[in-house]
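Read the structure below first, then the notes.
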Amino acid sequence: MEDVNANEVASYIESLNIALRDGEIKKEEVIGVLHSLPSPEHVRRHLSDEEAKVLFESVRWAWKEVSGKDITETFNFEPAPETLLGNYWILKNGVLLHGVNHYGIIKRNLSLFSTLLKMDAFVLHQKLAGTPQDLIKLVIDNGGMRVFITSDKRAYFQMNDQVYKNWGRAKVKGFDFPKRIVKLIDPSSKYDGWNTGITLNL
C-alpha cells in the first residue's frame, strides 16, 4: 500500500471533484465512485492516515480511469505552486524552465528549445540578433508556453491555440492559483508582449 497521508488523499479527491465539475469525467462508474467518496474536508478532519490509505485505493482507481496514468506517476512531479515565482517557459512533456526573463531563458537553453520544439537552431540564432519580442513570439508560435507568476500568486500564460487545445488548458487548470489568465496568441498577429492575445480567465 502506498505511503500517503489523509491530507494528500483529500487533495486528490479535490482534483477529481474539479474534473467532475468541469464535465471532464464521462464514465458513469467513475462518477458513481466519486459521489460515494467523503468530502476532502471530512477526510482532512476526521480520517486517520490509516483510514485514508484504505480510501486511497478507490481514489487511485478513479484517477487511472480519468487520466490513463497511475496516480503514483504524479508524485513529486511538479513543484508546489507556492514555490513558483517569476518567469518560466513550459515546454512539451512538462519541462519547466525558470530564469530572470523569458528571453534569457531561451538564450541559455537554445539547444533544449530547438530539440523539444523541433525548431531550426539556425533560425533561433538569427532571432537572437533581433528584438527579444521576436524571439519570444517565435517560441510561442512553435509550441512554448510563456508563464509569469506574481508574488501575490496571480499566474499569466501565453500560448498558441494548438498548445491550449492539446495540453495547455489542462496544464493551466492543474495549477492551484487564485487567478489564472491565459493569452491566446495568433501566429499571424503582431506581437507586443503581454498585451497581445485573446484573454481567457480560467
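Annotations
- Over the chain, the Kirkwood radius and the radius of gyration, each from Cα atoms, give a ratio Rg/Rh of 1.04.
- Simple spin-label estimate for LYS118 and GLU51 gives 5.2 nm between the two label positions (7 Å along the Cα-to-Cβ direction from each Cα).
- The trypsin sites (Lys or Arg not before Pro) of region 159-202 meeting both criteria, a DSSP state outside H, G, I, E and B (loop) and at most 14 other C-beta atoms within 10 angstrom of the site's C-beta, are LYS190.
- Average projection area in nm² (convex hull over Cα atoms of region 83-201, one quarter of hull surface): 6.9
Read-outs: derived from the displayed coordinates by stated rules, not from any lab. Source: prediction; values computed, not measured. Note: ideal-geometry Cβ built from the backbone for every residue, glycine included; neighbour counts use all protein chains shown.
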